[in-house]
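S.K.: Starting off with a structure, shown below.
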Amino acid sequence: MDIELCNDILIKTKDRRLLRFSYDDKYGIYYEEINKKETKKNIVYKESFRYFYVTEDTNRNVNVICQDIRGDIIICIFMDGSWKYKTLFYIKYNFITPINVKGFFLERNLKIIYYLDSDSKNLYLNDSSNNYSTVIYSENNGLDIRFNIVQENNKVFVILNSTSYGIYKLILKEFSINDKDFVRDKIIYISKNQYIDYSYSISKNEIHFLMIVNEDKKNSIIYKKINVADGEKFYEDSILFENEKIASCLIIELNEFLCALWISENKLYCCYSLSSGEDFSKPFIYMDLGEIFIKKIELIEENKNKEIYVMESNGDINLFLEDLIEDRHTLDIDYKEIAYSSTQNSELNSANEEIKNLKEIVNKQRSQILNLEYKLYSEKGPLIK
């Protein structure tokens, strides 16, 4: 079995085609139509750096944002059967540095988010209407800033993976339509060790997070959610699974239930929630992966982005989270097992409730310790220089 974290992007177009956008040194940025008998590489922009991003405008035209070899930021728009090109803004530096650039549309206005490889401490927002850039996040001692754009209709968020004074943070920022800017930081989770992986899913004003955290010499699958319509209310962390070896994780909503998956010791584990993350079923082995080749990839459809696992064989790509779970696997969900309110076995329910409360206490204490450590580091700097 092989696992790959993929920088490719899948998009389902308005004419229902499934396109995969990729980059390599020979072709630059190109796309392929998936699952056709004959596939070919269609070049979008050849003379470009490796960073690019795909999104849709209000007319659902495919837009590719990238950086050309002169350093400038370019947008490529597929309209009327061909690509149109426009320079969004010019980089005014004496040297060319790769820029990690992404973007999103609000109505007809394009917003660009980017950071420079030579300046990973600052994350910038550029408004294409006035070509003006502002810093929306800065990390004084940051080693790396990675970010994801999470969008559903008119709601836009940025998830930051940031490092400061040996503390690793996942941070959420929401774009305010009234302020026309990203508002204050919200810490999703902090850890003393680098995150092995994390995933996100947005649905019905809730953002669900799944993280692989290494603490106390073991890896844990941590679930957390935030209700963005309820004063940005955070809920308590939940530990879904623990093992020494966990390689990848994914969270997604399918058929009105929440699905959490992770890969551990060559097996794909799964658990479900029928209560929007309030409680989960017991984890079970969904698939023994063997020699299966798996990628986690971003999928964009109807101005909403999500992460999925895919399997690829002989040029064919299988969106197995949608195909296999719906078509091949029968979803035997034990409602009594998931619902803590079941009265058929009061002793078992009482034990489950006690375990749940103890987990909440442990998670709360862990969060308090990490917050205190982060405060100590941020106020005094690292103890060892």
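The values are calculated or read from the model by the stated rules, or taken from the named source; none is laboratory data. None of the values given here were measured: they were computed from a predicted structure. Here Cβ is always computed from backbone atoms with ideal geometry, including for glycine, and neighbour counts include all displayed protein chains.
S.K.: So, Lys111, is that one in contact with a helix residue (DSSP H, G or I) (Cβ under 8 Å, 6 or more places away or on another chain), charged (D, E, K, R), touching a residue at least 60 places away in the same chain (Cβ under 8 Å) and crowded, with 18+ Cβ neighbours inside 10 Å or not?
M.R.: For Lys111, the condition - in contact with a helix residue (DSSP H, G or I) (Cβ under 8 Å, 6 or more places away or on another chain), charged (D, E, K, R), touching a residue at least 60 places away in the same chain (Cβ under 8 Å) and crowded, with 18+ Cβ neighbours inside 10 Å - is not met.
S.K.: Of the numbered conditions (1) among the acidic types (Asp, Glu); (2) under 30 Å from Ser120 (Cβ atoms); (3) touching a Cys at 6+ places or on another chain (Cβ under 9 Å), Glu253 satisfies every one except a single condition; which is it?
M.R.: Only one criterion in (1) among the acidic types (Asp, Glu); (2) under 30 Å from Ser120 (Cβ atoms); (3) touching a Cys at 6+ places or on another chain (Cβ under 9 Å) is unmet by Glu253, namely (2).
S.K.: OK, next. Tally time: how many residues in segment 58-115 are of a type in the set (D, E, K, R), under 21 Å from Ile11 (Cα atoms) and not in a strand (DSSP E or B)?
M.R.: Going through segment 58-115 one residue at a time, the tally reaches 4.
S.K.: Let me ask another. Taking segment 101-124 on its own, how many of its residues are under 21 Å from the mean Cα position of the chain (by Cα) and under 14 Å from Ile145 (Cα atoms)?
M.R.: Total meeting the criteria: 12.
S.K.: If you don't mind, another one. Hey, which of the strands (runs of 3 or more DSSP E) in segment 161-207, taking only ones fully inside, have at least 3 residues that are in contact with a Cys (Cβ under 8 Å, 6 or more places away or on another chain) and modelled with pLDDT of 90 or more?
M.R.: 197-203
Okay, residues lined up against (1) surrounded by fewer than 20 Cβ atoms within 10 Å (Cβ to Cβ); (2) touching a helix residue (DSSP H, G or I) at 6+ places or on another chain (Cβ under 7 Å); (3) modelled with pLDDT under 90:
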site: Tyr235; (1), (2), (3): yes, no, yes
site: Ile239; (1), (2), (3): yes, yes, no
site: Glu242; (1), (2), (3): yes, no, no
site: Leu261; (1), (2), (3): no, no, no
site: Ser264; (1), (2), (3): no, no, no
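S.K.: Would you check if Tyr137 is within 27 Å of Tyr223 (Cβ to Cβ), of a type in the set (Phe, Trp, Tyr), crowded, with 19+ Cβ neighbours inside 10 Å and touching a helix residue (DSSP H, G or I) at 6+ places or on another chain (Cβ under 9 Å)?
M.R.: no
S.K.: How many residues are touching a Phe, Trp or Tyr at 6+ places or on another chain (Cβ under 8 Å) and assigned to a strand (DSSP E or B) if we restrict to segment 117-135?
M.R.: Going through segment 117-135 one residue at a time, the tally reaches 8.
S.K.: Could you give me the residue pairs with C-beta distances under 8 Å whose first residue belongs to segment 215-235 and is closer than 15 Å to Leu172 by Cα, whose second residue is at pLDDT below 75 and part of a loop (DSSP other than H, G, I, E, B) wherever it lies, and which are 6+ apart or on separate chains?
M.R.: From segment 215-235, the pairs are Lys224/Tyr235; Lys225/Tyr235; Ile226/Glu232; Ile226/Tyr235; Asn227/Tyr235.
S.K.: Here's another thing I want to ask about it. State which residue is nearest to Lys224 (Cα to Cα) when the search covers only segment 266-305 and only residues that are basic (Lys, Arg) and at pLDDT below 85.
M.R.: The residue in question is Lys304.
S.K.: Across segment 53-82, which residue is nearest to Val156 (Cα to Cα) among those that are out of contact with any Cys (no Cβ under 9 Å at 6 or more places or on another chain) and of a type in the set (A, V, I, L, M)?
M.R.: Of everything passing the filter in segment 53-82, Val54 is nearest to Val156 (Cα to Cα).
S.K.: Search segment 38-57 for residues being polar (S, T, N, Q) and not in a loop (DSSP other than H, G, I, E, B), and hand back the single one that is farthest from the chain's Cα centre (by Cα).
M.R.: Out of the qualifying residues, it is Asn42.
S.K.: When you go through Asn214, Asn178, Asn255 one by one, which is the residue that is more than 16 Å from the chain's Cα centre (by Cα), more than 28 Å from Ser281 (Cα to Cα) and not small (Gly, Ala, Ser)?
M.R.: Being more than 16 Å from the chain's Cα centre (by Cα), more than 28 Å from Ser281 (Cα to Cα) and not small (Gly, Ala, Ser) holds for just one of Asn214, Asn178, Asn255, which is Asn178.
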